[in-house]
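Heads up, the thing below is written out as structure tokens.
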Amino acid sequence: MNSQTSQAVTVGVGPLSPADVVAVARYRAPVRIDDQALEEIAKSRAAIEALAHADTPHYGVSTGFGALATRHIAPELRAQLQRSLIRSHAAGSGPEVETEVIRALALLRLSTLATGRTGVKVETAQAYAGLLNAQLTPVVHEYGSLGCSGDLAPLSHVALAVMGEGKVRDADGNLRDTAEAMAEHGLEPVVLAEKEGLALINGTDGMLGMLVLALADLDRLLKTADIAAAMSVEGQLATDRVFAADLQALRPHPGQGASAANLRAVLSDSGIVASHRGPDCNRVQDAYSLRCSPQVHGAARATATHAASVAGYELSAAIDNPVVLPDGRVESNGNFHGAPVGYVLDFLAIAVADVASISERRSDRFLDVARNHGLNAFLADDPGVDSGHMIAQYTQAAIVSELKRLAVPASVDSIPSSAMQEDHVSMGWHAARKLRKSIDGLQRVLAIEILTAARALDLRAPLEPSPASAAVRSKLREHVQGPGTDRHLAPEIEHSVQLVADGTFLSAVEAVTGPLL
């Protein structure tokens, strides 16, 4: 359990930070709603109740929804209307979505409720906080969202739990009846009133939550990609001269500069690099996969920076339809459309695929005697008898091929729904789902590159790698033996994957170099 769990995250009328979302979603930090937010929620609820008693129909308050919005609903049927909305829209199917995604989705919907722009009751907002703090996670399924009107089906499954219906996973992952699990924690099901059903499901919270989590992962993985590249540069006797600050400044992309600075930091004091750095070194034209690592990694950083700016706008948003404005007006709008988030989710999948692609190419060079500068074929102990890392590269190649397919954008697709009322949709949820798979793939490709590079560095003995590379190798060697006859390779790959995923490799480097950029 991460230390971030100890400090509660305050949900107010202003935006949550990305770190807040990660703390609650991934590390299960508790939440609290501040007093100002509770006041704003109560004010907007009063405005909705006034409209509920008016003679003029108002969408979502006294009418049906979507293509059925023309029907005026009698007061005695409105509680049933809200229940029916949530039950009918909780229509997801397929595998369960990960707990961290559902917690992010619920937190972000609570954040919108806390703005006071949605018209829900105070106790409804408090019910979301209660579920999060009890670590009761509604079951949400993979399929059901078109990304417009927002993530309707996923959010409906969460709203269903607030009503005390459906299934939840408890803190230990056990599947429970919602009402029973809530009762054990002293939580009461909410009876939804006018407008509340719409307020709980008209949002881009699922796709936004996955974007925020992806950006947190990519912050670690792009630094890890620089580490892997530096170790490959060492292991393949490549030059570090191309990463010089003055050369990088000729093309002043910030991300490229940061990546090159990281490469210089990791390669600092490398005995292997120093062994061929003299005036007679002719290694000024290394393969692109080595020489151009900062350009590719930097472009991925730029993509992540753009995506983070979009996430920032979304975290500041109050997305619902209709919304309660500060002057009490209730107006319909189209802010629930997921296009802004869907585009950057797709863009990130392209960048992730390319970073993995260049990593696989760097790894492959270690295995070919025509290109590895004196190492054994496939880094095998006895080539022909042993296969070394031959099939590790196959695994990388298989993942990279899959990442290329996942890089095909989801956001250019649109399938009309709701009797053509919702005739253009974003597919942002599916862009987010495939990005999560892409990030897992990148993690694995980088882990295999580090595993392979570490073996090559061992084989360069008595030459010594840089202190930073040696620190990575040392952490790996706590779980994986050095070069030798063939062993069961899959567990060794998984050990490396875990050390990438939990930040062990990155922490080992930063203990030597200081924080990477």
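The values are calculated or read from the model by the stated rules, or taken from the named source; none is laboratory data. Note that the structure is a prediction, hence the values are computed from the model and not measured. All Cβ positions, even for glycine, are placed from backbone atoms using ideal geometry, and neighbour counts span all protein chains on display. Heavy atoms of the whole protein, side chains included, go into the accessibility calculation; ligands, DNA and RNA do not. Shrake-Rupley method; radii C 1.70, N 1.55, O 1.52, S 1.80 Å.
Structural remarks
- Mean Cα-pair separation over length for the chain, i.e. relative contact order, pairs under 8 Å, 6 or more apart, %: 16
- Relative contact order for segment 95-145, counting Cα pairs under 8 Å that sit 6 or more residues apart, in percent: 57
- For segment 363-430 and segment 109-152, distance of Cα centres in Å: 35
- In terms of packing, defined here as the mean over residues of other Cβ atoms within 10 angstrom, the peptides 196-202, 285-291, 134-140 line up highest first as 196-202, 134-140, 285-291.
- Global form of segment 110-210, assessed from the alpha-carbon gyration tensor, a/c cut-off 1.5: oblate
- Rolling a 1.4 Å probe across the protein heavy atoms gives segment 413-505 an accessible surface of 40 Å² per residue.
- Peptide ranges 492-500, 321-329 listed from the most packed, as the mean C-beta count within 10 angstrom indicates: 492-500, 321-329
- Taking the protein heavy atoms of the chain in the context of the full set of protein chains, the accessible area attributed to carbon and sulfur is 54 percent at 1.4 Å.
- Peptides ranked, highest mean first, by Cβ atoms within 10 Å: ranges 90-97, 417-424, 43-50, 112-119: 112-119, 43-50, 90-97, 417-424
- The chain: angle of helix 339-367 to the longest principal axis, Cα-based, in degrees nearest 10: 20
- Charge dipole magnitude, Cβ of K and R +1, D and E -1 - segment 263-378, Cα centre, debye nearest 20: 620
- Largest first, the extents of the alpha carbon coordinates of segment 83-129 on the three principal axes equal 34, 27, 16 Å.
- Calculated accessible area for segment 223-295 comes out at 41 Å² per residue, all protein chains present (probe 1.4 Å; ligands, DNA, RNA ignored).
- The local environment of Leu267, defined by Cβ-Cβ distances under 9 Å, has a net charge of -2 under the rule Lys, Arg +1 and Asp, Glu -1.
- Taking the longest Cα principal axis of the chain as reference, the axis of helix 99-114 is set at about 50 degrees.
- With both residues required to sit in the chain, DSSP beta bridges show an antiparallel share near 75%.
- Dipole of segment 203-324 [Lys/Arg +1, Asp/Glu -1 at C-beta], most positive-end residue of Gly206, Ala299, Tyr288: Tyr288
- Relative contact order computed over segment 95-197 (Cα-Cα under 8 Å; 6+ residues apart), in percent: 28
- Taking a Cβ cut-off of under 15 Å around Glu331, the surrounding Lys, Arg, Asp and Glu residues balance to a net charge of +1, with basic ones at +1 and acidic ones at -1.
- Between helix 152-162 and the chain: long-axis angle, C-alpha atoms, 0 to 90°, nearest 10: 70
- Neighbours of Glu49 by Cβ distance under 12 Å: Lys/Arg scored +1, Asp/Glu scored -1, total +3.
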